[in-house]
């Protein structure tokens, strides 16, 4: 699955909010190289700039400085048309499934949007229906039970699974998953993660997890980036970073998480 | 949607406001189907006719059949109707002032009082402390006493067109009655007439309609401007936002009403139709809607569903229309309701100052207030010319605000009890 | 056996919906907490654990209503007491409650000390400000919070500091029982650790005598509490010591729950996470038999017919399943 082509990389990517005395550097000259098929986690506490970085990768926020390269070329998303092209390749899943939906539109509309975006807007309805059914069955949902429903009529788990069905239809090259399981019950978490892994295997997608949960990062990813105050303080394979952390910040982060087989040392705070 | 409507009508406040408002609206729509008089047609000669049924005297004399009713106390009621207790008191005062001993006057004895009066009253006599108005009052009173106690029939005579002599054409006895329904000409003035002799009710219904239209037009103009500016400013942000916020702040610090007066004045009397006034009110009152919409949009534009809509390749216009507008729609509807109610009040305020629509074409609630005030209806106790207008304005704004509060409770469950 | 501080017998509370339906969110829950012990309550969202926290206070307000059972705090039965009396004499003095967003309880226009004055004067109107300040300073220092915090406004404090301030304030009258409902879930791991340390200090320094800790984060619960109870659809499905519950669960639901734990520890990557298909039942009309039957791997026909109570498994352990412990264990073993 993993080959060595670089799919997304960045040099000196920086985002500054405000100016003068109110200046906040959210992301501070970060460099990264994400390879195709590799599972990446960006771990940071709130305020570390991980969400801003994710939005820059998605092209929702433009960097103040630095370049982002997509598929070996400098990313150009200056016009709406170019953005659309870019977004065919990179998609996202957000933390709160419910807030990801427009509550005034039925769930079918979400899936139909995806078909349209892949250029299937003019297909006969039967074909569209077939595609929607396939996407739903991929995430273990029955399309018949969803059609004509509003998002609030679905449970949180169903909502998040439908978001994955959306990704299935869009088949992007990169998926940014911003805390995809933090609002989901522990028991449904495994299902969601399995489906995301399934997407990687089926459509060759590169998933990037943005999370505060270092345990989740360790469990799912090949490569882990630890972010603090807008910078990557440590990166490497999951085993390297989590089991043999080199940086003090990573060690502190790890020691602050309650574990099962290791004493949780409360005296260190 | 259906659920929301049901929720809305379950709110007591909204329902009360809605019923009041619909009653007013239906009256405005249905009344003209029955009363086809022009609302500004002058009907009465003489101003401020009191509310009541006006029966044509000529028709009622000639009306046939005529009915005879023997009613207990008819005569005394007739006397009481012409010679009230106040008049009797006044007569006693005059007589006492003239020197008639007080204990010889029995004001309850009509015949005695009139006899005493006729033998003593002298219109040329000026008693101490008597004003001209008092004197005129006594002269009028004396005239009205004529034939008060008569028991004879009245003879109706008409001039013979050939000889020119008067000839008796009919006799009206004191027990003759006509059925008002059979009199071809009678008119009910529920709210009397105004200073120009126009039927207040017809005028009021028409004025309410015009004021509502002014309110709707002004409200829609203000809400549209506010909505567009707020959406653009909040969603696009950056320099556009800065400019719009600057203009909005500028308008916030200028008192709207002063601006309204200046614009109305500069338009000039001739150009000021109801529609112009509505537009002027609209373009001066979009500020708060803009600010409110902008604030909402700013909080919405970074929501996940908007980001996801962007990622689905939707255009800015689509996102504004589908992903932002529905979320603020309830807010905009409430703003519209408030704008309508404040526009109606603004029109009333302008018209009272004489800066409302020009007065010859249509009545508005504000204009009716202005006429009432100019002709001193409120001082002269002609309540019907001004009080109903105030009541209608109060009811409209009250019902609109009640609906607004009710909607607020539906849309913000935190406000429910 | 040491003294029982909190005893709850067959407590049942319900919500009343707008359509006058009753939803039993806490259904015949019994528990006992001895002096110096802590009990954790775990479960998925909507299982009734937060409602249990509210119900344990004995203070009910619409739409939550008391229906039956008793709550005994240090020998005193508080169920069925007048709500006003509960508020005046129980809350803060016998039982304190910390919700997840406790830090929002601070009035942004008041200094922290004014907030503490309000709390204390609501119970002891005659206390002077000086006394309150001394008491608060002493207590804050004991709990490792700087005394300057007292003079600050909430906006000057970080989220974790605010949360600790509110917790310190809510136990200023040294209640016997502290009920903490997700007290650290909204915080960063570092702030979470500080909050937990403070709650542990409250126990260790004898300020509170018993702790009820509610969270969906199982590794946290394992590290904080002595005993753990797992709730499902308003009922307790299993209880035991933290060690037993995490490493040796009996009930299929507990087993699945514990199998979903993710911690950054060596070996985790090789474990397959457990997943439970389906959703919890609707409590408006719960199934008549076992409430977990629809999602259970080991379901038998009689599960749906018979409603079982908690079965004793020795050493204070209990589980709610029709299948005996040995059979369950065998089934787990054959699964691997």
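Here are some notes:
- Relative contact order (percent, whole number), segment C:249-335, Cα cutoff 8 Å, 6+ residue spacing: 26
- Under 19 Å from a label point set 7 Å out along the Cα-to-Cβ vector of residue C:271, the amide N atoms of segment C:189-219 belong to C:215-219.
- Relative to the longest principal axis of the Cα atoms of chain B, the long axis of helix B:110-120 lies at roughly 70 degrees.
- Between helix C:159-170 and chain C there is an angle of about 80 degrees, using the helix long axis and the longest principal axis of the Cα atoms.
- Extent of segment A:114-201 along its three principal axes (Cα atoms, max minus min coordinate, largest first): 40, 30, 18 Å.
- Considering only the Cα atoms of segment B:139-257, their convex hull presents on average a projected area of 17.7 nm².
- Ordered by the count of other Cβ atoms within 10 Å of each Cβ, fewest first, C:177, A:107, B:35 give B:35, C:177, A:107.
- C-alpha center-to-center spacing [segment A:175-195, segment C:9-25] in angstrom: 31
- Remark: mean inter-chain Cβ contacts per residue of A:251-259 equal 6, using a 10 Å Cβ-Cβ cutoff to other protein chain atoms.
- Residues C:296, C:47, A:114, ranked from the fewest to the most other C-beta atoms within 10 Å, line up as C:296, A:114, C:47.
- When you count the other C-beta atoms within 10 angstrom of each residue and take the mean per peptide, C:255-264, B:383-392 line up highest first as C:255-264, B:383-392.
- With helices as the sole contributors, the protein assembly as shown gives -13500 deg cm²/dmol at 222 nm; each DSSP H run of n ≥ 4 counts as -39500 (n - 2.57), and the sum is divided by every residue.
- Binned Cα-Cα distances of segment B:256-388, short to long, each 5 Å bin given as a whole percent: 2, 9, 16, 14, 12, 11, 9, 8, 7, 5, 4, 2, 1, 0, 0
- Highest mean packing comes first when the peptides A:204-214, B:15-25 are listed by Cβ atoms within 10 Å, giving A:204-214, B:15-25.
- Binning the alpha carbon pair distances of chain C at 20 angstrom intervals from zero yields the distribution 30, 56, 15, 0, expressed in whole percent.
- Where labels lie 7 Å past Cα in the beta-carbon direction, separation of residue B:5 and residue C:327 in nm: 5.5
- The eigenvalues of the Cα gyration tensor, multiplied by 5 and square-rooted, give segment B:74-145 an equivalent ellipsoid with semi-axes of 20, 15, 10 Å from largest to smallest.
- Inter-chain shielding of A:179-189 (mean C-beta neighbours from other protein chains, 10 Å cut-off): 6
- Normalised alpha carbon radius of gyration of the protein assembly as shown [divisor 2.2 N^0.38 Å]: 1.37
- The angle between the Cα long axis of helix B:132-145 and the main principal axis of chain B comes to about 60°, on a 0 to 90 degree scale.
- Cα gyration tensor, segment B:356-396 - rounded (a/c under 1.5), prolate or oblate: oblate
- Per residue, the average separation of C-alpha pairs within less than 8 Å and at least 6 apart gives chain C a relative contact order of 19 percent.
- Part-to-part distance (alpha-carbon centres) for segment A:206-269 and segment C:66-130, which is given in Å: 39
- Calculated FRET value between residue A:252 and residue B:261, using beta carbons and R₀ = 56 Å, to 0.05: 0.25
- 10 Å Cβ neighbours from other chains, averaged over peptide C:214-221: 2
- Gyration tensor over alpha-carbon atoms, chain B, equivalent ellipsoid semi-axes in Å: 64, 24, 21
- For chain B, the relative contact order is 26 percent, taking Cα pairs closer than 8 Å that sit 6 or more residues apart in sequence and dividing their mean separation by the residue count.
- Across every direction, the projection of the convex hull enclosing the Cα atoms of segment B:7-104 has a mean area of 15.5 nm².
- Pair-distance distribution of segment A:25-115: all C-alpha pairs, bin width 5 Å, starting at 0; shares per bin in whole percent are 2, 9, 19, 22, 20, 15, 9, 3, 0.
- Alpha carbon centroid spacing (whole Å) that separates segment B:106-124 from segment C:268-320: 107
- Cα-Cα pairs of segment C:249-335 separated by more than 15 Å (percent): 65
- Label positions at residue B:122 and residue C:123, each projected 7 Å from the Cα along the C-beta direction, are separated by 9.9 nm.
- Per residue, the convex hull spanned by the Cα atoms of chain A measures out at 154 cubic angstrom.
Each value in this text was obtained by applying a stated rule to the coordinates, not by laboratory testing. Small disclaimer: the values here were computed from a predicted structure and weren't measured. So basically every Cβ, Gly included, is an ideal-geometry build from the backbone, and we count neighbours across all protein chains shown.
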